[in-house]
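So the structure is just underneath, and the comments pick up after that.
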Amino acid sequence: MSLIINVPQLITCNAIITGNLTCGGNPVVGAEIFFSDFPEEVVSYDPNPATTDVNGDFSTTVTVLPGTPLVSIDVSATAEVGGDILVTNVGTQAECPTVECPCKFRIGVQGNRASATVDIINQGVASTLSGTINVTAVQCFTASPNCNPAVDNFNVTFGSGGTTINFIQGRRIEIDCIGDTFARVRGTALGRGNVFTGLFEVLIEVSIGPGNIGTWTVLANDNMGHTFSTTFTARMSPITSIGECGVQF
């Protein structure tokens with residue numbers, strides 16, 4: 001019998017754990033997989049237990065307790081098959097820093113589209129695609145001098161022919177600004193489209209130069225061998241605003 005789990009090397013606030021259960025080389029269907037970790041009370045799992053499908057596959061979303069500094073943990077998966085107990089342990093690191101608003105920004109690409117060339121790795125295969133991209137991010141932004149930590153969203157959409165790669169419902173881990181010409185957000189987002197699925201850590205940076213031209217960098221990684229990276233230039237959206245915080249709500 002074999003119980004395999006795929007755990008990212010670093011879990012930042014959220015991640016997806018997948019796995020497979022077989023017996024004699026055949027998938028075990030309908031088995032319950034229970035998850036735990038040591039030290040306890042660092043992460044939670046949903047669902048717990050997970051249930052294997054017709055291929056013996058299963059998955060669960062792991063969530064790190066907010067405010068957790070970088071710690072080392074062991075993730076365990078346990079299953080019972082025919083009276084036998086199987087346990088698999090994988091060591092990893094987890095963190096979920098306290099979210100703060102050192103600055104605020106609202107950034108985007110003018111016209112909601114720009115030309116970009118992206119490099120991806122999908123299931124170990126590297127490729128380069130040319131197409132159109134849109135990037136938006138609104139972090140801690142209000143029109144007043146204040147900052148609002150509840151404002152938290154970023155999205156990336158890319159298309160190349162029939163290929164779509166999107167990172168949506170982005171939530172920050174940290175942000176930075178330099179004056180009114182540089183903004184950066186690192187966080188987690190859901191991979192969607194016909195190439196990537198699951199939870200990714202995403203980095204978005206933009207540096208604004210003369211003529212309101214932004215140099216954008218977007219990096220995404222699920223820590224399980226799937227990556228997306230691009231650097232491109234595009235005129236900034238008229239709504240773009242980068243600034244310091246006054247009073248936070």
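The values are calculated or read from the model by the stated rules, or taken from the named source; none is laboratory data. As the structure is a computational prediction, the values presented were derived from the model and not from experiment. Positions of Cβ are generated from backbone atoms using ideal geometry, with glycine treated the same way; all protein chains shown enter the neighbour counts.
Contact map, region 96-120: residues that are closer than 27 Å to Gly67 by Cβ paired with residues that are in a strand (DSSP E or B) and of a type in the set (S, T, N, Q), Cβ distance under 6 Å, separation 6+ or inter-chain. Pairs shown: Cys96/Thr68; Cys101/Gln248; Phe105/Gln139; Arg106/Ser241.
Residues of region 88-123 being buried (at least 20 other Cβ atoms within 10 Å of the Cβ) and over 22 Å from Ile175 (Cβ atoms), which ones? Show your work before the answer.
Quick first cut of region 88-123, residues buried (at least 20 other Cβ atoms within 10 Å of the Cβ) only: 92, 94, 96, 101, 103-109, 116, 118, 120.
Matches in region 88-123: Thr92, Ala116, Val118, Ile120.
Among the residues of region 129-167, the one identified as loosely packed, with under 15 Cβ neighbours inside 10 Å and within 25 Å of Thr63 (Cβ to Cβ) is Ala150. Scoring Thr117 on the criteria (1) more than 26 Å from Asn6 (Cβ to Cβ); (2) at pLDDT below 95; (3) among the β-branched types (Val, Ile, Thr) leaves a single failure, condition (2). Tell me, please, whether a residue that is loosely packed, with under 15 Cβ neighbours inside 10 Å, in a strand (DSSP E or B), modelled with pLDDT of 95 or more and assigned by TED's automatic domain parsing to the domain that holds Val156 can be found in region 185-204. Scanning region 185-204 turns up no residue that is loosely packed, with under 15 Cβ neighbours inside 10 Å, in a strand (DSSP E or B), modelled with pLDDT of 95 or more and assigned by TED's automatic domain parsing to the domain that holds Val156.
Matching residues to (1) assigned by TED's automatic domain parsing to the domain that holds Pro210; (2) of a type in the set (A, V, I, L, M, F, W, C); (3) in contact (Cβ under 8 Å) with a residue 40 or more places away in the chain; (4) farther than 30 Å from Ser44 by Cα:
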residue	(1), (2), (3), (4)
Ser130	yes, no, no, yes
Ala137	yes, yes, yes, no
Ser144	yes, no, yes, yes
Ala150	yes, yes, yes, no
Asn153	yes, no, no, no
Phe167	yes, yes, yes, no
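For region 91-123, the candidate set comprises residues that are among the polar types (S, T, N, Q) and not in a strand (DSSP E or B); within that set, the residue that is nearest to Val62 (Cα to Cα) is Thr98. Return a yes/no flag: does region 80-103 have any residue that is more than 30 Å from Pro149 (Cβ to Cβ), modelled with pLDDT of 95 or more and touching a Phe, Trp or Tyr at 6+ places or on another chain (Cβ under 8 Å). No; the residues of region 80-103 include none that is more than 30 Å from Pro149 (Cβ to Cβ), modelled with pLDDT of 95 or more and touching a Phe, Trp or Tyr at 6+ places or on another chain (Cβ under 8 Å). Evaluate the following for Gly243: is it part of a strand (DSSP E or B), under 19 Å from Phe105 (Cβ atoms), in contact with an Asp or Glu (Cβ under 9 Å, 6 or more places away or on another chain) and touching a residue at least 12 places away in the same chain (Cβ under 8 Å)? Taking the combined requirement at face value, the residue satisfies it. Applying the criterion of at least 1 residues that are more than 23 Å from the chain's Cα centre (by Cα), among the aliphatic types (A, V, I, L, M) and surrounded by 19 or more Cβ atoms within 10 Å (Cβ to Cβ) to the strands (runs of 3 or more DSSP E) found wholly in region 1-76 leaves 2-6, 14-23, 32-38.
Go through region 41-89 and give me each residue that's aromatic (Phe, Trp, Tyr) and under 15 Å from Gly30 (Cβ atoms). Spell out the reasoning first.
Taking region 41-89 and keeping what is aromatic (Phe, Trp, Tyr), we get 45, 58.
Listed by number, the list holds a single entry, Phe58.
Scanning region 44-67 for residues that are touching a Ser or Thr at 6+ places or on another chain (Cβ under 9 Å) and of a type in the set (D, E, K, R) yields a total of 2.
Would it be correct to say that Ala126 is buried (at least 18 other Cβ atoms within 10 Å of the Cβ), at pLDDT 95 or above, of a type in the set (Gly, Ala, Ser) and in a strand (DSSP E or B)?
On the way: buried (at least 18 other Cβ atoms within 10 Å of the Cβ): no; at pLDDT 95 or above: yes; of a type in the set (Gly, Ala, Ser): yes; in a strand (DSSP E or B): yes.
Against the criterion (buried (at least 18 other Cβ atoms within 10 Å of the Cβ), at pLDDT 95 or above, of a type in the set (Gly, Ala, Ser) and in a strand (DSSP E or B)), Ala126 does not qualify.
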